[in-house]
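Peer 1: Just passing along the structure, written as structure tokens.
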Amino acid sequence: MHTNDATSRSDRVLVVAMAIVLATASAAVGSAMNNRAIAPVIAKAVAAPAPASDPDLVLTQLVAEHRCLTEALYYEARGEGRIGEQAVAEVVFHRMNAGNFGHSICAVVYEGSGHPGCQFSFTCNGDLNRPREEPAWKKSEQLAAQILTREVALRNATGGATHYHAAWMTPFWAPSLKKTAQIGNHIFYRANAGHIRDS
């Protein structure tokens with residue numbers, strides 16, 4: 001059966017948005033019951049304040065958060081497979097939870113994007129202007145939706161990392177942080193006790 005692509009896309013957006021709302025409520029209740037660290041982070045990401053009189057604004061924000069997470073997964077780790085993409089997602093959520101990198105997925109991902117030295121290189125190096133590999137993009141979109149709805153759980157494989165870099169480089173900030181993991185071609189770090197650095 002063939003469906004109108006615009007209709008099926010809007011239906012998918014509506015389903016994802018509803019799933020995110022339900023997952024947020026579920027995450028808040030689940031977090032209260034078992035004190036899991038990642039659940040409140042997800043709730044913060046998708047429960048941005050919005051005027052009660054504009055449901056379209058809420059939907060727009062939910063779709064934007066999904067797109068920002070998709071972009072981070074795709075541009076930062078599409079060659080790393082699901083585990084690598086999930087590790088990047090963990091860094092986004094850990095940064096959001098830390099509170100000094102942004103209070104939404106988009107704020108974290110696009111921090112510093114207006115100048116060199118941005119937090120996620122694709123936001124300032126021109127990658128966004130290049131054509132995407134559609135099959136890889138679709139996989140990143142699907143994984144982002146699954147993460148946001150908690151169908152795929154993030155299990156802290158990065159050890160609380162708020163920073164990472166490609167294994168082939170050595171950024172100036174790496175020695176000041178604690179290495180927590182290497183997943184694929186990325187090395188992950190978190191701040192040493194009592195030290196938070198925005199790099």
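Readers should treat all values here as calculations from the given coordinates under stated rules, not as data from a laboratory. Predicted, not measured: the structure shown is a model, and the values here were computed from it. Cβ atoms come from the backbone with ideal geometry, glycine included; neighbour counts cover every protein chain shown.
Peer 1: Take the Cβ-Cβ distance between Arg130 and Ala64 as r, set R0 to 25 Å, and report the resulting FRET efficiency rounded to the nearest 0.05.
Peer 2: After rounding to 0.05, the efficiency reads 0.75.
Peer 1: Can you compute the equivalent ellipsoid semi-axes for region 95-136, i.e. the square root of 5 times each eigenvalue of the Cα gyration tensor, sorted largest first and rounded to whole Å?
Peer 2: 22, 14, 6
Peer 1: Can I ask one more? Go from 0 up to the bin containing the longest alpha carbon distance in region 79-184, width 5 Å each, and give me the % of pairs per bin.
Peer 2: It works out to 2, 11, 18, 24, 25, 13, 5, 0, in whole percents.
Peer 1: Taking 0.36 nm per intervening residue step and subtracting the Cα-Cα distance, what contour gain separates Ser121 from Ile83 on full extension?
Peer 2: Gain in length upon complete extension: 11.7 nm.
Peer 1: Please find the FRET efficiency linking Asn100 to Glu151, where r is the Cβ-Cβ separation and R0 is fixed at 25 Å, and quote it to the nearest 0.05.
Peer 2: 0.30
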